[in-house]
Every structure is written in C-alpha cells, then in structure tokens.
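The values are calculated or read from the model by the stated rules, or taken from the named source; none is laboratory data. It should be emphasised that the depicted structure is a prediction, and the values quoted were computed from it without experimental measurement. FYI the Cβ positions are ideal-geometry reconstructions off the backbone, even for glycines, and counts take in every protein chain you see.
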Amino acid sequence: MSGVSGGPAVRVEGVTKLYRRVAPGQRFRTLKSALLEGSLVGRAAEGEAIVALRDVSFEVARGEAFGIVGSNGSGKSTLLKLLAGILRPTRGRVVTDGRVAALIELGAGFHPEISGRENVFINGALLGLSRREIERRYERIVDFSGLADFMEEPVKNYSSGMYVRLGFAVAIHTDPEILLVDEVLAVGDESFAHRCLRRIEELLAAGRTVLFVSHSLALVEDLCDRVAWLEGGELRAVGAPRRVVDAYRQAVAEAESEQHRRIKEEREAAEAAPVEAPAAAGGAEIPAAPQEVLRWGSGVAEILSVRLRDAAGAERYHFASGETVAIEIEAEPRVALSDFVFGVGISTPRGVECWGTNTDLEGFEPGLFSGRATVRVVCPALRLGAGEYLLDVAVHARSGSPYDYRRKLLSFTVTAPRVGVGVYSPEREWRFEGDVSWQRAPEG
C-alpha cells in the first residue's frame, strides 16, 4: 500500500497477523465441502489460530537503517512479508511510500530448467522492471553476482549460494526506495557478503530506507540507526541499537539460565530445592516505547560510581586536549563472577561514537570478581577535539549480556588551543617546501 509523499517511508499501525491452525484431518478436503463451509481447510475453532504478530506499531523515517532482531519464530520474517505485500495483516495496516525490493526468499521464483540469463529477465519483470530496464542493467547484475561464466547454465545446476547471489544481484538493481533484507547475507562467501554490505551502504548514503533482519547482532549494531526487538510476535522494544540489542541479549541469557535451572531441578528433584536466579536490579524489561533509557542490565554486578581524574588524581570534568585522563569505575558483584568485562565509551551529545574499549578487547582474561573493586583506564593523552562529550560505562559478560550498563552517565568538556574539525585532535606539525610563505597571525 502506498502512502503520501513527505511522511515516513514505512508506517506499521496496530498490525496483527494470525495463521489458521490446520488439524491433521482437515488438511485435504473436497471441493464440495469447501463450497459448503467456505474454506478448503474447514473452520478454525476459537483460539486455535497461531499468532504471528500482535498489535505491532512503529514508523521508519526516510533514509533510516532500521534493524529487527528476535529469536526464531518471533515474527521477523512475517513482518517483512507484510511490508513487501506478500502477506496481508489480519488487523491493522501497513503503509509504505516508495518502490519496495524484498530480499527475503531470493531465487524462490527462478525456474530450474532455464538459464540464469533468462531467469534474470523473468525475475526482474516480477520485481517491476521493464525489459528495456533489465537490458540496461543486465551487465551490472552479472558483474555484481560474479556468475558471468554460469549465466547460460540452467539454474538447477546452481548451488544455494549461487541462487542467493543471482537473486540479490537482480533485486538490488531495481533501485528500490525501500529495501527489505532478511538474513540473506548469511549465505554466500565473505567477499560477496562484503559486496552486499557496500551496496546497502551506498543505498543508505543515497537516502534510501533499509529494514534489516539478522541474527548477527554485531552487524545490526554497526549498520542500523534504530532497532526493534520482536518476541513472541510482540514488540518488546524500539530504540538505540546498543540498548535494544543488549536488552535482547539479556533476555536470551535469562532464558538460557532458566532452562539450565529447570534441568538441574529435574535431576535433583528428589533431594534438592530449586536454585533461584539472582533478582534483577534495574528494569529487567525494556518498555516498548522508543524512549531514552540510560541504565539497564541484570544486576548481577552493579556500577557504584564513576569519576574522571587528572594526572594528579584530582576529580575533574574539564580538560585540555592531550591531557592525562583516568576513568575510574567502582563496582561490586552480587555473587562471585568468573565471567566479566569492564568497558567504557565516549560519544558526542548527538550520538557520534568517538572511542570505546573494554578489558576483553584489550586482552585481559577474567579471573575472579568477588567483591567491591575499583577499575581504572588511564589515557596518558586524550586527544579529543574541542567540545562536549558523554561517557558510557558497562560491566557485562564476555558474550555481551549486560550486568549493568550506564549510558550518558556523566559529561565532560574538552578545550583545544588550536581550532579544528571533528572529534580527534592529534599532535601535529606543518612543514613547507618550495615557493610558499606565511605571515604569523597577530596575537590576541
């Protein structure tokens, strides 16, 4: 369904999608019974429908990269099929404004007995291109797919990876205004995946909109501006990639912990009481509204305080570029931990990530974190450009599951004696040769 130009590229309003549950005896029915009862599979009893999505609402702005994460069966692919027009919602509505290309089941429409070249023309026509448009783009499609030596071969001889490469190449060259991507980058070799990502980034740079489904959480964090988390067909959270992905990781970790606990209870049911998981500190569930959340985590460990100190150990929040800065974190676990990582990140108020690191990236193998401790990361020369900065601090498991994540915990300012552009101010010296000279600028 097309929307009105000038609004969001995608609008999902109270969408619910139900699938009829088919009982074994109802799968095959006669035409007579279908005409009498109005359905080839018979009437479903109340409450027997499978809920794929329930009352999902969000908007995606033009030019935005919007990620969708969640476990298998959470409704991610159903949502993309609704956006692509392959399915229709049971309730609610989906509005898209612009040409949509769906990279969902690539190559599903290929005819196995005819050549790759012929399938390009058929598939391109199904995606809305005229024959003349396909002819103009054919060479680019073949070059992108890397299958020039196989285009006259019947596609029944193609591997699954070759299917995906050709399907992606056709779809990506329809010049979509809205691109729907469902896990297709997981198939194919590393070089082709990089080529696909570069093409997606080119589309984003050109102001196109991308909705991206993937189980690669690192890729979602890196590529997307915002992320939605679906679970059981319901929208659990929408917001900044790091916050939503961490909330999802935490939920997965809690579910795995619960599963291990149940298995242990079953083994020890005759003589042992159930082992209770640690109570969560801070919100264990992220609200669905896309509001700013500044702290989340399981509470297995807690950040008690964070301070910035200068070279002399004094607490300060205003520095000159190049000064020594120490980030001092005081934290305490609820239980002794052998899996822990301390991390810090610096960003601008507009969300530009300037620098970040953690103990795992720096090669520190966790030993034991059993009581209150102080962790410091010392930067002998923090060469940030002049401006205001925000500090994120976290303690989490090596898998990324957060114990305590503090976003925008504190702010500090940096001044620089020389004006520059950007967030980095390196040591520098200008040198000149040849017929060029400069006048010293007047002081004051």
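Quick check on the range 290-303: of everything there that is closer than 19 Å to Tyr389 by Cα and in a loop (DSSP other than H, G, I, E, B), which residue is modelled with the highest pLDDT?
Leu294
Might you check whether a residue that is closer than 30 Å to Leu230 by Cα and outside the structural domain of Leu235 (by TED's automatic domain parsing) occurs anywhere in the range 303-317? Show your work before the answer.
Going residue by residue through the range 303-317, those that are closer than 30 Å to Leu230 by Cα are 303.
This time we only want the ones that are outside the structural domain of Leu235 (by TED's automatic domain parsing), so: 303.
Within the range 303-317 (the criterion being closer than 30 Å to Leu230 by Cα and outside the structural domain of Leu235 (by TED's automatic domain parsing)), the answer is yes, since at least one residue qualifies.
This table checks each residue for (1) assigned to a helix (DSSP H, G or I); (2) touching a residue at least 40 places away in the same chain (Cβ under 8 Å); (3) of a type outside the set (A, V, I, L, M, F, W, C); (4) more than 19 Å from Pro112 (Cα to Cα).
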residue: Ala125; (1), (2), (3), (4): yes, no, no, no
residue: Glu135; (1), (2), (3), (4): yes, no, yes, yes
residue: Asp149; (1), (2), (3), (4): yes, no, yes, no
residue: Glu152; (1), (2), (3), (4): no, no, yes, no
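With respect to Ser145, determine if the residue is at pLDDT below 90 and more than 20 Å from the chain's Cα centre (by Cα).
Yes.
Is the range 110-121 home to any residue that is within 26 Å of Gly63 (Cα to Cα) and not in a helix (DSSP H, G or I)? Give the derivation first.
We begin by selecting, within the range 110-121, every residue within 26 Å of Gly63 (Cα to Cα); these are none.
No, the range 110-121 contains no residue that is within 26 Å of Gly63 (Cα to Cα) and not in a helix (DSSP H, G or I).
Specify the residue that is nearest to Arg165 (Cα to Cα); the eligible residues are those in the range 137-147 that are free of Cβ contacts under 8 Å to residues at least 40 places away in the same chain and not in a loop (DSSP other than H, G, I, E, B). Spell out the reasoning first.
So in the range 137-147, the residues free of Cβ contacts under 8 Å to residues at least 40 places away in the same chain come out as 137-143, 145, 147.
Retained after the next criterion (residues that are not in a loop (DSSP other than H, G, I, E, B)): 137-143, 145.
Values: Arg137: 16, Tyr138: 14, Glu139: 14, Arg140: 13, Ile141: 10, Val142: 10, Asp143: 11, Ser145: 5 Å.
Only one residue tops the list, namely Ser145.
Touching a Cys at 6+ places or on another chain (Cβ under 6 Å) and of a type in the set (A, V, I, L, M, F, W, C) - does that describe any residue in the range 401-412?
No, the range 401-412 contains no residue that is touching a Cys at 6+ places or on another chain (Cβ under 6 Å) and of a type in the set (A, V, I, L, M, F, W, C).
Only one residue in Ser338, Ser347, Ser401 is of a type in the set (S, T, N, Q), surrounded by 20 or more Cβ atoms within 10 Å (Cβ to Cβ) and under 22 Å from Arg249 (Cβ atoms), so which one is that?
After applying the criteria, what remains is Ser401.
Cβ-Cβ distance below 8 Å, separation of 6 or more or different chains: which pairs start in the range 92-103 with a residue that is basic (Lys, Arg) and end on one that is surrounded by fewer than 22 Cβ atoms within 10 Å (Cβ to Cβ) and assigned to a strand (DSSP E or B)?
Here the result reads Arg93/Glu13; Arg93/Gly14, each pair linking the range 92-103 to a residue that is surrounded by fewer than 22 Cβ atoms within 10 Å (Cβ to Cβ) and assigned to a strand (DSSP E or B).
Cβ contacts < 6 Å: first residue more than 21 Å from Val344 (Cβ to Cβ), restricted to the range 410-425; second residue not in a strand (DSSP E or B), any location; separation 6+ or different chain. Result?
Thr415/Ala386; Ala416/Ser321; Ala416/Ala386; Ala416/Ser425; Gly420/Gly385
Got a number for residues in the range 87-109 being within 26 Å of the chain's Cα centre (by Cα), modelled with pLDDT of 85 or more, part of a loop (DSSP other than H, G, I, E, B) and of a type outside the set (D, E, K, R)?
Result for the range 87-109: 3.
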